[in-house]
Amino acid sequence: MKNLATSLPKPKVLNEICSIHTDTKLIKGTIPGHAEPICPKCVAEQIKNKDQLAFEHLESRKTYQRLFNDSVITDPDIREMSFDNFNVTNAKQNENFLKAKQIANRYLNKDYKGNAILVGKAGTGKTHLAYSLLKYVNENSEQKQACLFIDFNELLSKIKSNFKTPSTMWQEGTMLDNIGEADLVVLDDLGSEASFKAMNNESSEWNQRFLFNILNRRNRTIITTNLSGAELKEVYNPKIVSRINKGIKNNVVVFTDDMKDQRKDLY
């Protein structure tokens, strides 16, 4: 059997010089079926550039693209939310808007540790500012970060549905790894799952165990909830509340005047 390397025709070196690499002569006969002369340095650069593009695409998929590809979002309008379209109509909203921007700028530093919590009644803008904060970090962090937005109640529903019809994507362990490994995560509407209790304690206990396992793996989580600090302590195990409170002292945003005194219960 002929050796493939020895059976290929030897390249012919031409007297023609590459217009880009003026120290390199063109060659032909190296690529079967390709009659045009080529510059070996140009070909090497093209291969290198393709490898670089492939690497950058992979890195983007692991960081920047995760917000769009791996988040758990039920309302498609959330994806359009940003600081630019947050509607400020009064002084309290402006205060919360500026506070959220301050928190976002802290999270631009990938080494910054600490959770954040946005507390308020439904319809006060918690989700809008939480997603805006996340999007701001995703777009502006010099060192790209993997950001995820998680509708917590929807996530629980997906995983529990998967108990009957297993799939890799919604397995409990898979989601714990995905959320645990992300650089910055929003857990949206924490506490809403307490309104949908099963007839026994099993679901509630599973919810708490799952939430604990998420928070126990993380030290950079943004939480939105309509529960006050005192109510969080009523709904969740003390170990969960302790992990919610990790590093949130300067990262508390309260959305209603009647809840402003709840700050003292949150850390």
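Observations on the structure shown:
- Selection from the stretch 139-167 of residues that are exposed (fewer than 14 other Cβ atoms within 10 Å of the Cβ) and within 25 Å of residue 110 (Cβ to Cβ): 139, 140, 142, 143
- Selection status of residue 197, open to solvent by 50 Å² or more (accessible area, probe 1.4 Å), over 20 Å from residue 181 (Cα atoms), modelled with pLDDT under 95 and assigned to a loop (DSSP other than H, G, I, E, B): yes
- The C-beta contact set for the stretch 154-181 (first residue part of a helix (DSSP H, G or I), second residue open to solvent by less than 50 Å² (accessible area, probe 1.4 Å) and of a type in the set (Val, Ile, Thr), distance under 6 angstrom, 6+ apart or interchain) comprises 154/72; 155/72; 172/159; 179/185; 179/214.
- Residue in the stretch 216-233 that is at pLDDT below 95, loosely packed, with under 14 Cβ neighbours inside 10 Å and more than 23 Å from the chain's Cα centre (by Cα) present: yes
- Selected residue (criterion: modelled with the highest pLDDT) from residues of the stretch 244-262 that are farther than 19 Å from residue 106 by Cα and open to solvent by 70 Å² or more (accessible area, probe 1.4 Å): 257
- Only a single criterion out of (1) open to solvent by 40 Å² or more (accessible area, probe 1.4 Å); (2) at pLDDT 90 or above is not satisfied by residue 170, namely (2).
- Considering the stretch 120-153, and only residues there that are among the charged types (D, E, K, R) and part of a helix (DSSP H, G or I), the residue that is nearest to residue 178 (Cα to Cα) turns out to be 135.
- In the stretch 62-77, residue most open to solvent (accessible area, probe 1.4 Å) [restricted to those that are within 10 Å of residue 149 (Cα to Cα) and assigned to a helix (DSSP H, G or I)]: 68
The values are calculated or read from the model by the stated rules, or taken from the named source; none is laboratory data. Model, not experiment: these values are computed from the prediction. Cβ coordinates were reconstructed from backbone atoms using ideal geometry, including for glycine residues, and neighbour counts include every protein chain displayed. All accessible areas refer to the heavy atoms of the entire protein, side chains included, with ligands and DNA or RNA removed. Shrake-Rupley method; radii C 1.70, N 1.55, O 1.52, S 1.80 Å.
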